[in-house]
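Peer 1: This is the structure I want to talk about, given as structure tokens.
What follows draws every value from the coordinates through simple rules; no lab data is involved. Bear in mind the structure is a predicted one, so any value in this text is a computation, not a measurement. Here the Cβ positions follow ideal geometry from the backbone for every residue, glycine too, while neighbour counts run over all protein chains shown.
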Amino acid sequence: MMGDFAMRGSPLFRIHASGSELDAGAIRSRLTLDNERTHNDDPAYGFRKLVDVAQRALGTSSNDATSAVQVVNRLHACLRQIADRPLPSGVHRDDAGVVRLTERTLGWDGYVRLAFDEIRLAGAGYPQVTRRICAAIEDSKMVAPDDRQFALDRQLRLLAAGVRRALDDEDDIRGALVPDAQGVGSGADVVADERSPVEGMRFTRIG
């Protein structure tokens, strides 16, 4: 599929039935090979590089959670743009509707996993990161159609499980799972509640 590494001598196409009448050169001419992945027609590569930035931010001695949150901002924006859009099926038909070519393509579930899986695992112990991921997923759920909700619900479930493994105190766990678009700064538990002037804060439990 787009972005795969092709070994020298490996097959680029698999032909079903007889291929004796096909022109191998003409087929190869419709496939572009290069030394590196590019952003042209390969949006997953952009996702991949953003995730790498977040992992480096969370996996170094400096542990820069703020940079990881900035990455989630961008990934959230990308997912929101495609959440309700049709994605290529990879199936190509001729004028008569007969399938002539099937290519592997990344689906919605794949983009969601690419965006969140590795950051979720690396950032489970960083409330700033987990809160931002919660906010990104909750917002994406508002625009994603019903058949794309499962992938987002799965991320919320796995995020909650990861936070519980990483943190011990129940208050910390609950706080780490509050959706917060700033990581820590705009969540319901840190914003002054005008309805409760004495306590000055309100808390929302998720999950």
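Peer 1: Explain nothing, just compute: Karplus ³J(HN,Hα) = 6.51 cos²θ - 1.76 cosθ + 1.60, θ = phi - 60°, for every residue of segment 32-39 in order, whole Hz, x for Gly and Pro.
Peer 2: 9, 10, 8, 6, 9, 5, 10, 7
Peer 1: Sticking with this one: What's the longest piece of the chain with no exposed chymotrypsin sites (Phe, Trp or Tyr not before Pro), counting a site as exposed if DSSP puts it in a loop and it has at most 14 other beta carbons within 10 Å?
Peer 2: Details: sites that count: Phe5, Phe13, Phe203.
Formally, the longest exposed-site-free interval is 14-202.
Peer 1: Using +1 at the C-beta of Lys and Arg and -1 at the C-beta of Asp and Glu, which of Ala192, Ile27, Cys134 has the Cα lying farthest in the positive direction of the dipole of the chain?
Peer 2: Final value for the positive-end residue is Ile27.
Peer 1: In addition: Taking the convex hull of the alpha carbon atoms in segment 88-154, what volume per residue do you get, in Å³?
Peer 2: Numbers: hull volume 6.1 nm³, N = 67.
Cα convex hull per residue, to the nearest whole number: 92 Å³.
Peer 1: Kindly express, to the nearest 10 degrees and within the range 0 to 90, the angle between helix 65-82's C-alpha long axis and the longest C-alpha principal axis of the chain.
Peer 2: In the chain, helix 65-82 runs at an angle near 50 degrees to the longest axis.
Peer 1: Given axes a ≥ b ≥ c from the Cα gyration tensor, I'd like to know whether segment 1-74 is rounded (a/c under 1.5), prolate (a/b larger than b/c) or oblate. Can you show the working numbers first?
Peer 2: Numbers: a/c = 4.15, a/b = 3.44, b/c = 1.21.
Here segment 1-74 falls in the prolate category.
Peer 1: Can I ask one more? For segment 42-176, calculate the relative contact order in percent as a whole number, restricting contacts to Cα pairs under 8 Å that are 6 or more residues apart. Each step should come with its number before you reach the end.
Peer 2: On the way: 140 pairs, mean separation 35.7, N = 135.
The value is 26 percent.
Peer 1: For the chain, set up a Gaussian network in which alpha carbons nearer than 10 Å are linked by springs, and say which option among Leu156, Leu12, Leu121 fluctuates the most.
Peer 2: So, out of Leu156, Leu12, Leu121, the one fluctuating most is Leu12.
Peer 1: Which value, in debye to the nearest 20, gives the size of the charge dipole of segment 42-176 about its Cα centre, when Lys and Arg are +1 and Asp and Glu are -1 at the Cβ?
Peer 2: 220
Peer 1: Follow-up. Checking a compactness column here: for segment 48-163, what do you get for Rg(Cα) / (2.2 N^0.38 Å), N being the number of residues?
Peer 2: Numbers: Rg = 16.4 Å, N = 116, 2.2 N^0.38 = 13.4 Å.
With N residues counted in segment 48-163, Rg over 2.2 N^0.38 Å equals 1.22.
Peer 1: Another question, if that's okay. In nm, what is the difference between 0.36 nm times the number of residues separating Asp169 and Gln81 and their Cα-Cα distance?
Peer 2: Working: separation 88, 0.36 × 88 = 31.68 nm, distance 3.65 nm.
So the extension gain works out to 28.0 nm.
Peer 1: Just to be sure I understand: with springs between alpha-carbon atoms less than 10 Å apart, which residue in Arg93, Arg85, Arg120 has the highest mean-square fluctuation in the Gaussian network model of the chain?
Peer 2: Evaluated over the chain, the most mobile residue of the options is Arg93.
Peer 1: To test your reading of the geometry: what angle, between 0 and 90 degrees and rounded to tens, separates the Cα axis of helix 149-166 from the longest principal axis of the chain?
Peer 2: Taking the Cα atoms of the chain, the angle to 149-166 is about 50 degrees.
Peer 1: Here's another thing I want to ask about it. Would you be so kind as to identify which of Ile173, Ala124, Leu58 lies farthest towards the positive end of the dipole of segment 42-176, taking Lys and Arg as +1 and Asp and Glu as -1 on Cβ and the Cα centre as origin?
Peer 2: Leu58
Peer 1: I'd like the orientation of helix 108-122 relative to the chain: the angle between its Cα long axis and the longest Cα principal axis, in ° from 0 to 90, rounded to 10.
Peer 2: 50
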